[in-house]
Structures are given as C-alpha cells and as structure tokens.
1. Just the residues that are farther than 25 Å from residue 62 by Cα and not in a helix (DSSP H, G or I), please, taken from the stretch 122-173.
2. Answer yes or no as to whether residue 270 is touching an Asp or Glu at 6+ places or on another chain (Cβ under 9 Å), polar (S, T, N, Q) and buried (at least 17 other Cβ atoms within 10 Å of the Cβ).
3. So which residues in the stretch 273-289 are closer than 19 Å to residue 248 by Cα and either buried (at least 20 other Cβ atoms within 10 Å of the Cβ) or free of Cβ contacts under 8 Å to residues at least 24 places away in the same chain (or both), if there are any at all?
4. Just need a number here: residues in the stretch 65-121 that are closer than 24 Å to residue 164 by Cβ, β-branched (Val, Ile, Thr) and part of a loop (DSSP other than H, G, I, E, B).
5. In the list 309, 242, which residue meets the criterion of being in contact with a Ser or Thr (Cβ under 6 Å, 6 or more places away or on another chain), in a helix (DSSP H, G or I) and not hydrophobic (A, V, I, L, M, F, W, C)?
6. Failed condition for residue 194, given (1) part of a helix (DSSP H, G or I); (2) within 24 Å of residue 161 (Cα to Cα); (3) among the basic types (Lys, Arg), with all others met?
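Please treat every number below as a calculation from the coordinates, not as lab data. Remember, predicted model here, so these are calculated numbers, not experimental data. Please note: Cβ atoms are built from the backbone with ideal geometry, for glycine as well, and neighbour counts cover all protein chains shown.
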Amino acid sequence: MNNSYKQIYKVIKKYKTIVIARHIGADPDALGAQFALQSIIRRLFPEKRVLAVGSQASRFRFFGLNDKFEEQNEDDVLCVVLDTPDIKRIDGVSLSDFKYIIKIDHHPFIEKFGNLELIDDEACSTSQLILEFAFANKIILNKEEGERLYLGIVGDTDRFLHDYTSSKTFKLVKKLLDMTAIDFTSLYKVLYQRPIAEIRFQGYIYQNLTLTENGVAYIKITDKIMREYGVDSAAAGNMINDLKFVNEIIVWVFLSEDVKSDLIRVNIRSVGPFVNELASKYGGGGHKYASGVKLKSFDEADKLVKDLDNLTKKFKEDNNI
C-alpha cells in the first residue's frame, strides 16, 4: 500500500493541471478529502493548477468552494477521483476529458475506471486514505488540511462509532493531532450545528416511523412535509445515523422525495444484514451497513422496503434472533 501512495505522488508531480473530483451529494468525508488534497498539492507545487470540482454543498461550505473545470483541449490534465466507486456517481466532470485518472476510494469495488486505483474497503473513510498518502510521502500537514481530514474521518465514522473504525484509524488520527495541534473539540460544533427547523423535523421523523415485525423502520418524507418544516431533501440524510441505538430497529430507511431531481432519495442503515448488495440491485450502493439508492417513485420504494424486510427476516432466522 505504501508503494501505491508513492506511485500516486509521482503521477501528481507529472501533471500541470489536476482536477480533483468526488461523488454527487457530497458528504464531509468526500469534501474533507477533496479540499485537503487540493491544499496539499497547491502548497507543494504552487505552479500547478489544482481544481476541486462538483456541485457546491451549501451545508458544508466551510470545507471550501468548488471550482468549475472547462475542458480546453489540454493534453496535460490529471483527474483524481475520490470516495467514488462507480462512474455514474462522479460529480462535475466527464472522464473522457482526461489523459490519466487516479481513483482513491474506501468503498467496496464496483467498477474499474482509473489508470491507477487505490481501493481499501477496510479504511474508515477516504479522508483516512489521504492522511495515509500524506504520511507515506512524508508530507507535513498544515492546520487547515488537518482540520479538513479530521472532519472527514469524524463524519464517516460518526465520531468513531462505526465498526469500520480500527486501531489504525486511531493511530493515524493521533499522528494527525500531534502534527497539526488542531483544536478538534471546536470542530464538532462546525460539523453538527443545526437549525431549529431540523430539530423539529427530526421530531416528525421519530413520531411517524413505521416499524415492521422483522425490525425494519422506514419513513416516506414527501416534498410537502419538507416544505412544511422548512428543510430540504438532504436534511433526512443528515439524521439517518441517529437511530443506530434503538433496541427494536435492525434496519432503517429514509425515503425522501426530491422534486427538483424527480426522484426518491433513499438512505439505508443496518446493524444486522449487509445492505449494499440489495442497494446495488436497485442501482445504488455503498458499504455493508450504510448504503444509498435513487429511485423513480414511492412504488419502487415500497418494493425496496419489502426486500429489506425479507433480508432482515432471513438474517434473524440465520442468527436465531
């Protein structure tokens, strides 16, 4: 793995223009990795043009502002795709515009699209992989880079609660804190501060969850409800992890209507059966216990919930629960 990080560094050194992309619907991990890597390259190679592309994530503007890449028939352009296992989820660019592509990701493998790919699905986050990249190449991180990577790791591990947080994660974070001396406790407010509208919306979710006999909790969140509470379709996704420690719930699903995109955004979490393979059958994907899907209708969502219920039933039978 160390050699792979050094190989990535060598490729980065060769290109005058570098475009750093990540997945659609960016989360703290994707953004932390993206803007930290952009800062690292700009600082080490000030002569390079380094762009961080993708739709602006308004809730996470504190990570940085995204750039736009306009293809200018340049031959000397490298694209680094972060935190994205498949082509259809890349935000802001077309891979056909680039001479060389690097993929760095911690999701289970879906498809190959990079000339050089570093995939470690045992890592807690792509921010952890960028941290490993920096340390492998003896790069001294500054305070801003340290803050972005710490927030990315915290975001994807939900403050180190998830089971893919490893002893390696803690060792890397310790080295990060020792190197940068960031005030990590103050960063939690930046990441988790929420308006009162979202708190009231959270109350609505708790009051209106449906729970099946097999332990699948789900809720359909219509555009009308979101407008009533003054939140957007991303708000439910920000709350999905809050149900992890409820006794009766094994799998939980938020189905949010996105009128602008004419689709249903589905967030799935589990403390039992693996859900990523089922999510893939519906055109989505993700981790074993945390996946997402985009569906065309609530009717299709009903079928997904039924399949998740059957999956959970089998899990309970196999494990005598």
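1. 122, 137, 138, 163, 164, 166
2. Working: touching an Asp or Glu at 6+ places or on another chain (Cβ under 9 Å): no; polar (S, T, N, Q): yes; buried (at least 17 other Cβ atoms within 10 Å of the Cβ): yes.
Against the criterion (touching an Asp or Glu at 6+ places or on another chain (Cβ under 9 Å), polar (S, T, N, Q) and buried (at least 17 other Cβ atoms within 10 Å of the Cβ)), residue 270 does not qualify.
3. Scanning the stretch 273-289 gives 273, 274, 275.
4. Summing the residues that are closer than 24 Å to residue 164 by Cβ, β-branched (Val, Ile, Thr) and part of a loop (DSSP other than H, G, I, E, B) in the stretch 65-121 gives 2.
5. Details: 242 fails: in contact with a Ser or Thr (Cβ under 6 Å, 6 or more places away or on another chain).
Residue meeting the stated conditions: 309.
6. (1)
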